[in-house]
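I have placed the structure first, in the form of structure tokens, so that the comments after it can refer back to it.
Every number in this text was worked out from the coordinates using simple rules, so none of it is lab data. Everything numeric in this text was worked out from a predicted model, so none of it was measured. Don't worry about glycine lacking a Cβ; one is built from the backbone with ideal geometry, like all the others, and counts go over all protein chains shown.
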Amino acid sequence: MGERFRAIWPPILIAVLFLAAWQLLVVVQDIKPYLLPSPSLIAGNFFSDLHLMWAAALYTGTTALLGLMFGTLLGILAALLAQRFIVINNLITPLAAGLAAVPIIALTPILNNMFNITSRTPRVLVTMIIVFFPMFVNITRGLIQVQPVQLELMRSMNANPRTVLRILRVPNAIPFFYTGLKIAAPLAVIAALVAEYFGGPQEGLGSRIASAAANTAYGRAWAYVVASILVGLLFYLVVIAVERWTTPWTGHNRST
Amino acid sequence: MTTTTTSELAVQASGVWKVFNEGQPNEVTALQDIDLTVSRGEFISLIGPSGCGKSTLLRVIADLTHATKGAIQVAGMPAAQAREEQRYGMAFQQAALFDWRTVQRNVELPLELQGWAKDKRQARAAELLEMVQLADFATHRPWELSGGMQQRVAIARSLAVDPPLLLMDEPFGALDEMTRERMQNELLRIRQETGKSIIFVTHSIPEAVYLSDRVVVMSARPGRITNIIDVNLGSRNEDTREAESFFESVTAVREALRGRGGGSVSARVGEV
């Protein structure tokens, strides 16, 4: 516990000092809110509109969660196929690398036209596509990169490919799965949020940030940014908690 | 040879060749015309320089790779069938334990693959962990154990289905000298208790001599058997390592290893 405390207090101290310096700078230099609102103004807006923050976070968080779930499922399925059929692996992997370089978020207006812009669907789709790549790439690597000696061992024990998948490859891929998920979860929140900038329902954090900024309510815009950060952080922390809970064996070489 | 004597053999390799990349410019003859017979209950070491094919020979016996030519019988049946029927257990230089399983469940693995009931395989694993003196570590994770302990878990696992033959590929190669000698004594004790036949790959001369009834000396390019040296040290204990007869056998193996390649014959002629 003492060790944990020692690990926690330096970042907290730095955050407090940073906020204090920020506040001081804005007050002393009399900086206008459209340039940089003070932390106290942002906090005031955040807490006075807490129910709005909550509603917007819930909307965008739901989009992100749906996209994360579907993208992860798709990633798992594609990875299972890729490890089973080397041809598919050779087909999908370069494709995945190529598509990962495409700014998928730019597809949003097109998806908005293809699907119902008044629904959540185009946003979930964008999030799903963005989530798919880190999940697919990491899970595939985990399924394929098993120690050769472990494969030999399985063969010496007369295990068929299906058993090897169940006993060796899938458990081996689980830490890789979480590596992918730690990248994909915050990415899902960003994708769900940015997708809202391209029109459609105005309930989410992205829409709220855009409209608050357009109405020169800078304190409120920043308050929504804070809410977005909290949602992203929540996604990340939940992944880490689930990882620790489900994979006790990776504790010896975990870095985060 | 009559059928009775054949079934008394743990392993019989006759005219075994293994050629990698056959017919290509980078063709390598890993094994050339290997004849080897291992009696039931015998401890055989395969020794030789890197690239002499000793590990390949072990893998061919284990049916992890196929011989290009020749026949292998393990426990009186073809190698493939012996593997399918789990007539051997195998241990490698890396313990190859699964981090996500406890020590106990690592030992249970071969039994699980054989479809043993849970309570039966738990009892069997407990018994084996007792034998390798790791009963207290059953619920630990492999990475919590030292290298020597991990290797003992791997040996327990290789014994799980009670196969008549153990194939060991430099299992103590990554251990420090002290641990290594302790593990050698452990292995001899386990052998005494279980009566297994053992084929043991090593590149340590004293280790081969200390453990084995016969040391099979191999040479590289192409990999073949150059000598088979009988070791008669009786029952081993720590004094054995300092006995005159031990050093004589070590010297015999060393000289056999030196007479390598085409020089083998001339070296022997030179000595005479």
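Listing for the model above:
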read-out	value
Failed item, numbered, when B:Asp33 is tested on (1) of a type in the set (Asp, Glu); (2) part of a strand (DSSP E or B); (3) under 30 Å from B:Glu193 (Cα atoms)	(3)
Members of the range B:78-101 that are over 27 Å from B:Val11 (Cβ atoms), touching a residue at least 40 places away in the same chain (Cβ under 8 Å) and not basic (Lys, Arg)	B:Phe98, B:Asp99
Qualifying position, being outside any helix (DSSP H, G or I) and farther than 21 Å from A:Leu233 by Cβ, among A:Ile92, A:Ile76, A:Ile88, A:Ile31	A:Ile31
Residue identified as under 15 Å from the mean Cα position of the chain (by Cα), farther than 21 Å from A:Val137 by Cβ and among the aliphatic types (A, V, I, L, M) among A:Val231, A:Val226	A:Val231
Qualifying residues in the range B:112-143 (those that are surrounded by 14 or more Cβ atoms within 10 Å (Cβ to Cβ) and within 10 Å of another protein chain (Cβ to nearest Cβ)) - the one farthest from B:Glu84 (Cα to Cα)	B:Arg141
Residue pairs meeting the criteria (Cβ under 8 Å; at least 6 apart or on separate chains; first touching a residue at least 60 places away in the same chain (Cβ under 8 Å), in the range A:18-40; second outside any helix (DSSP H, G or I))	A:Tyr34/A:Thr216
Qualifying positions in the range A:79-117 - among the hydroxyl-bearing types (Ser, Thr, Tyr) and within 20 Å of A:Ile183 (Cα to Cα)	A:Thr93
Considering residues of the range B:39-88 that are within 11 Å of another protein chain (Cβ to nearest Cβ) and touching a Leu at 6+ places or on another chain (Cβ under 6 Å) only, the residue farthest from B:Pro110 (Cα to Cα)	B:Leu58
Filter result (free of Cβ contacts under 8 Å to residues at least 12 places away in the same chain and surrounded by fewer than 12 Cβ atoms within 10 Å (Cβ to Cβ)) within the range B:6-34	B:Asn21, B:Gly23, B:Gln24, B:Pro25, B:Asn26, B:Glu27
Helices (runs of 4 or more DSSP H) wholly inside the range B:89-200 that include at least 1 residues being within 29 Å of B:Leu36 (Cα to Cα)	B:103-113, B:147-158, B:177-194
Boolean, A:Phe85 is under 27 Å from A:Phe198 (Cβ atoms) and either more than 14 Å from every other protein chain (Cβ to nearest Cβ) or β-branched (Val, Ile, Thr) (or both)	no
Selection from the range A:9-33 of residues that are aromatic (Phe, Trp, Tyr) and farther than 16 Å from A:Gly219 by Cβ	A:Trp9, A:Phe18
